[in-house]
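Below: the structure, in structure tokens.
What follows is calculated from the coordinates using simple rules that are stated; it is not laboratory data. Keep in mind it's a predicted model, so treat the numbers as computed, not measured. Positions of Cβ are backbone-derived with ideal geometry, glycine not excepted, and every protein chain shown enters the neighbour counts.
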Amino acid sequence: MTSRRHDPARVALAGIRIVNGTAGLLAPGFLARRLDVEAASGPMAYPFRMFGIRTILMGADLLARDKAVRRHAVRAAVVVHASDTVSAYLAGASGALPRRAARVATVISAVNLTLALLANRGVDNGRRTQ
């Protein structure tokens, strides 16, 4: 179960995931332009769409009625967004992404990581709390 006072972080993270995932799945070109990378037609559309569906499903899990599913999604969010934050930073540092795009991706991922950490504070690890 999650604490109600941490629900806004969980719900915000779910909303961000569903919006960004839908953009990746349905409009990969939009995301490519935002990241200043090669047009998302052809080979670039594939990873953006994979990112999209993964992100939508993870967002849906954060909103699931089943408390065990929500609990797992909140815990997994910390690892996923920590990895995303480090990956975005390293992509900028290595030149794989333009600096500005890497900064934007790093900040977005860090905000998601912060929301995941806040939401995770409300997880009771399956134990009954008073």
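Anything in segment 55-108 that is surrounded by fewer than 16 Cβ atoms within 10 Å (Cβ to Cβ) and touching a Gly at 6+ places or on another chain (Cβ under 7 Å)? List them, or say none.
Those that are surrounded by fewer than 16 Cβ atoms within 10 Å (Cβ to Cβ) and touching a Gly at 6+ places or on another chain (Cβ under 7 Å): Arg99, Arg103.
Kindly indicate whether any position in segment 34-49 is free of Cβ contacts under 8 Å to residues at least 60 places away in the same chain, surrounded by fewer than 19 Cβ atoms within 10 Å (Cβ to Cβ), assigned to a helix (DSSP H, G or I) and on the phi > 0 side of the Ramachandran plot.
Yes: segment 34-49 contains one or more residues that are free of Cβ contacts under 8 Å to residues at least 60 places away in the same chain, surrounded by fewer than 19 Cβ atoms within 10 Å (Cβ to Cβ), assigned to a helix (DSSP H, G or I) and on the phi > 0 side of the Ramachandran plot.
Six or more apart or on different chains, Cβ under 9 Å: which pairs go from a residue in segment 72-85 that's farther than 13 Å from Ala14 by Cα and free of Cβ contacts under 8 Å to residues at least 40 places away in the same chain to one that's of a type in the set (Asp, Glu) and part of a helix (DSSP H, G or I)? Could you list them?
His72/Asp61
Condition first: of a type outside the set (Lys, Arg) and in contact with an Asp or Glu (Cβ under 7 Å, 6 or more places away or on another chain). Now tell me which residues in segment 73-107 satisfy that.
Ala73, Pro98, Ala101
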